[in-house]
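Let me begin by presenting the structure, written as structure tokens, before commenting on it.
The values are calculated or read from the model by the stated rules, or taken from the named source; none is laboratory data. Keep in mind that what you see is a predicted model, and the values were worked out from it rather than measured. No Cβ is skipped: glycine too gets one built from the backbone with ideal geometry, and neighbour counts run over all protein chains shown.
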Amino acid sequence: MSTLNNTPGKMGFIIGASSVGTLIEWYDFYIFGMLAKVISSQFFPEDSGTAALLSTLAIFAAGFIVRPFGALVFGRLGDLIGRKYTFLLTLVLMGGSTFAIGLIPGYVTIGWWAPLLVLLLRLVQGLALGGEYGGAATYVAEHAPINRRGFWTSWIQTTATLGLFLALGVIILIRKSQSITDFESEWGGWRYPFWISLLLVFVSIIIRMRMSESPLFEKIKSSGKTSKNPLKESFGNKANFKMVLLALFGAVMGQGVVWYTGQFYAQSFLENTCGVNFEDSRNIILVAILFATPFFVIFGSWSDRVGRKWIILTGMLVAACSYYFIYDSMLNTTSATTKRALFSSATEPSSVVTVDSKRPNVLHRITKYDTLYSDGAKFSFTKTDTITLLEKSVPNTKELKIVVDSNANALVYSRKAGPKTVLENGSATVTAKSISKKHALSVEKALDRSSFWYLSFLVFIQVFFVTMVYGPIAAFLVEMFPTKIRYTSMSLPYHIGNGVFGGLVPFLSTLMVELSKSNGGTGNPLIGLGYPISVALLCFIIGTIYLKNKPALSE
């Protein structure tokens, strides 16, 4: 066993240098999820609706699913050549692929190549992140005094949430500087966070180049005790493989679903199910993260005194038992039915008709109206009807004003010559072949102050659960495996638990809600919680039976 005597000042530099790069990698990874709704409209056909959102969430999840492969590849490198150079490589791969996503033209320009290229780069991101976290956590743990590992590694744990915080902050600042149309256009402001990544990665590389190798790794390297085959020793050795499985199913699997439910699914639920507008939904997450983040360090430090097991498992249990009530309260808080007594006025509906940019024989009649409430809330409703014309196209679309009458005939007027029913080619009306039987309805809600702060509290509670399960997990995993195969052994269960079980939460939960909708019904908006709740409870049971509160330390 090794005892280190690094001073707080030296540990501060080690934490800072490790954390900056890891934070930036999380930032790169999460801006995709934060912009899922905009990305779905840019990289898929504009009339795909929920299918485009689900496809985008599937691409988002693909980056998580591939993370275990990155853990194997880079974990092996880290145990063979060292921690420092391995996570320098992962940083370059992550930053380069993130920047490249911001350069891909939209679906309207290159068709299906757009989502395919995004998927490819998303997979590269996942591989890079699969190698980053294990390296950073191992590096810090191997510098820290053994009796303070929980405290020092908990600072690394904050980087995932702070990376999300940084991603949200950058997105909100850019969004405020542009109109909705400019921000969501093909080459609009939604791309800027991807481009900013290149600058952040460059700064981080300079910082990381100043870092030295882990002292524990240097010690076994100088004595010739490094692993010849980390993969074989990690997973071919029965006793070690048993610990890998125990780490996954007794701790990290449940930690993963709690993490991604409390932050990612919460944001997706607010925006897509509750209908909260872009700015309010992001600000709610920002407020919750800001107040909850210190608890990562508090629980990490506490685990040095009382052990890791029961802090992690208690977080899983209280999260699983409270999710249904929290999300049901989020629904009720944003429901229009709860505001009837506060009804103030509603604006007159306004209706416009546009020509589909990809199908000139298809029109979209868009009807909008706002409902205002005396408490300051404003709910904006948008109903879209799709009208398919008999004609192959609407001529001179840039010069026309189109109005659809009650019989679904599209009357076309020339903007330049003033209202008239006869076009240059002689036709007076454009007749509709069909009109959509089911309206596409979207709702965007600007919240009153009381509702905003109450929802922020509900999300804060979820992030608080995240800090319980995530704050001590790095020290817990480090202490389960010997130094020479630690990078490989701890990275795989971590990234399966978080990348697969956790990363699938937004996609599977949204899919379960969609599948619950039958015959045009609204379905059960809370049914998606069944996945994270069941996984967290199963992990709690396994961990309670098989985990030790203070795993044996091995160096």
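Note on the stretch 506-520: residues that are modelled with pLDDT of 80 or more and small (Gly, Ala, Ser) amount to 2.
Please verify whether Ala144 is assigned by TED's automatic domain parsing to the domain that holds Phe481, modelled with pLDDT under 80 and in contact with a helix residue (DSSP H, G or I) (Cβ under 6 Å, 6 or more places away or on another chain), treating the condition exactly as stated. So that I can check it myself, show each step before the final result.
Working: assigned by TED's automatic domain parsing to the domain that holds Phe481: yes; modelled with pLDDT under 80: yes; in contact with a helix residue (DSSP H, G or I) (Cβ under 6 Å, 6 or more places away or on another chain): yes.
Yes; evaluated as a whole, the condition is true for this residue.
Pairs meeting the criteria (first residue in the stretch 54-79 and outside any helix (DSSP H, G or I), second residue at pLDDT 75 or above, beta carbons under 6 Å, at least 6 apart or on different chains) are Val66/Leu123; Val66/Gly126; Val66/Leu127. Quick one: would you say Trp155 is among the aromatic types (Phe, Trp, Tyr), assigned by TED's automatic domain parsing to the domain that holds Ala17 and without any contact (Cβ under 8 Å) to a residue 60 or more places away in the chain? In short, no.
Listed here are the residues, each with its yes/no results for (1) at pLDDT 90 or above; (2) assigned to a loop (DSSP other than H, G, I, E, B).
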site	(1), (2)
Thr226	no, yes
Leu248	yes, no
Gln255	yes, no
Ser268	no, no
Arg282	no, no
Phe291	yes, no
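Among the candidates Arg282, Arg308, the residue that is basic (Lys, Arg) and closer than 12 Å to Met34 by Cα is uniquely Arg282. Residues in the stretch 465-489 that are part of a helix (DSSP H, G or I) and either under 23 Å from the mean Cα position of the chain (by Cα) or hydroxyl-bearing (Ser, Thr, Tyr) (or both): Phe465, Val466, Thr467, Met468, Val469, Tyr470, Ile473, Ala474, Thr483, Tyr487, Thr488, Ser489. Here Arg308 passes the criteria (1) surrounded by fewer than 19 Cβ atoms within 10 Å (Cβ to Cβ); (2) touching a residue at least 24 places away in the same chain (Cβ under 8 Å) except the one numbered (1).
Could you please find all residues in the stretch 521-555 being among the charged types (D, E, K, R) and at pLDDT 95 or above? Of everything in the stretch 521-555, nothing turns out to be among the charged types (D, E, K, R) and at pLDDT 95 or above.
Note on the stretch 484-501: among residues that are over 17 Å from Gln125 (Cβ atoms) and of a type outside the set (A, V, I, L, M), the one that is modelled with the highest pLDDT is Phe501.
All told, Ala319 falls short of being small (Gly, Ala, Ser), over 26 Å from Leu248 (Cβ atoms) and in contact (Cβ under 8 Å) with a residue 12 or more places away in the chain. Are any of the residues in the stretch 165-173 crowded, with 22+ Cβ neighbours inside 10 Å and farther than 25 Å from Ala288 by Cα? Within the stretch 165-173 (the criterion being crowded, with 22+ Cβ neighbours inside 10 Å and farther than 25 Å from Ala288 by Cα), the answer is no, since none of the residues qualifies.
Check Phe476, Phe465 and return the single one that is touching a Lys or Arg at 6+ places or on another chain (Cβ under 6 Å) and either within 14 Å of Gln255 (Cα to Cα) or at pLDDT 90 or above (or both).
On the way: Phe465 fails: touching a Lys or Arg at 6+ places or on another chain (Cβ under 6 Å).
None of the others qualify; the one that does is Phe476.
Taking the criterion of being in contact with a Phe, Trp or Tyr (Cβ under 8 Å, 6 or more places away or on another chain) and part of a helix (DSSP H, G or I), the residues of the stretch 144-154 that qualify are Gly150, Ser154. Restricting the stretch 13-51 to residues that are at pLDDT below 70 and more than 26 Å from Met209 (Cα to Cα) leaves a set whose member that is surrounded by the most Cβ atoms within 10 Å (Cβ to Cβ) is Glu46.
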